[in-house]
Amino acid sequence: MAATMEDAPKVQAQPYTFDLGHLLVTDTNPLPTLTTTNKEAVLAATAQACAQGLINQLLTACPIIRSSDGDLQIKLPDPTFQLPREKPVPKEKEKSKWEKFAAKKGIKAKRNEGKLVFDEAKGDWVPRYGYKGKKGDGDDWLVEVADEKPEKQERAGGKPEKGGRGAPAEAVKNRSGSRSGTGNVMKRKAR
């Protein structure tokens, strides 16, 4: 059914209330009695009157600005109506003992290093450690060994090899022997 002007409310007892920030029109006027035959027409006419009132209010009360593109824009004012929340505003969480202590002493939380780092040579993000990682680029995966075996051969990392397992124990033994004046000879007490 098309809305006709006869179905629209003729007299408006109270004016509309506008909240232009939310593009909201509040019509506090009661609806006329609705019958099954004119229900859609009356609702459509009332909605049309409210929409027309909102557009008129926007064009008269708000400044119209021309953008750099040449388009016209209406600058809306700040909203005046507070929209309700579905849930209450959450309360601020109380600080733990550690957080209070850290704030008092000026201790800052550790910043977590990411797992990936940017490799300028490859121009890509690579893992910090592990397979295809930044730490071991794999440049020295093959080390040439000389024919003559030197006393301390260098490992792949460029560090000299450590002594055998017995080297630290032998050094301790020599030190203790030199203190007692016996040298390298171990004496055992007879029972």
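Please treat every number below as a calculation from the coordinates, not as lab data. Please read all numbers here as calculations on a predicted model, not as lab measurements.
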### Query
Hey, what's the per residue convex hull volume over the C-alpha atoms of the range 60-126, in cubic angstrom?
357 Å³
### Message
Could you give each residue of the range 33-38 its phi-based ³J(HN,Hα) in whole Hz, using Karplus coefficients 6.51, -1.76, 1.60 with θ = phi - 60°, and x for Gly or Pro?
### Response
4, 9, 10, 5, 7, 10
